[in-house]
Amino acid sequence: MPLKQDLIREIFELVWRRTAAERDKNENSQNVDSEAGASTSKKKGFNGANPHALKLSCELLRIFVTEAIQRAAAIAEIEGSPKIEATHLERILPQLLLDF
């Protein structure tokens, strides 16, 4: 089942909104310490994601998850386990992250 682009877009937007809110909070605390006239105006808000970047991100996540499942399944098979467990994923994760 392919990843839904709408789901990935929602996740990205959530992260971007939280990051922007944290950045605004940090800027506001810094502005309190500095002079009021020294601040500059910055463009704020979310403009959206490029559809091509979103499609590429979905494909990258799909490949990442598929590779993780295949590696964990190989470990489970070596151990004689009929299903993939969290410990199998924990064992393959460090090398998987290095490979990606």
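The values are calculated or read from the model by the stated rules, or taken from the named source; none is laboratory data. Small disclaimer: the values here were computed from a predicted structure and weren't measured. FYI the Cβ positions are ideal-geometry reconstructions off the backbone, even for glycines, and counts take in every protein chain you see. Quick note on the areas: whole protein, heavy atoms, side chains included, nothing else; ligands and nucleic acids left out. Shrake-Rupley method; radii C 1.70, N 1.55, O 1.52, S 1.80 Å.
Some points to look at:
- Within segment 67-96, tally of residues that are part of a helix (DSSP H, G or I) and of a type in the set (Lys, Arg): 2
- The residues of segment 49-64 that are open to solvent by less than 80 Å² (accessible area, probe 1.4 Å), in a helix (DSSP H, G or I) and of a type in the set (A, V, I, L, M), listed by number, are Ala53, Leu54, Leu61, Ile63.
- Flag for Glu90 being of a type in the set (Asp, Glu), over 30 Å from Arg18 (Cα atoms) and free of Cβ contacts under 8 Å to residues at least 12 places away in the same chain: no
- Lone unmet requirement of (1) open to solvent by 90 Å² or more (accessible area, probe 1.4 Å); (2) modelled with pLDDT of 85 or more; (3) out of contact with any His (no Cβ under 9 Å at 6 or more places or on another chain) for Lys44: (2)
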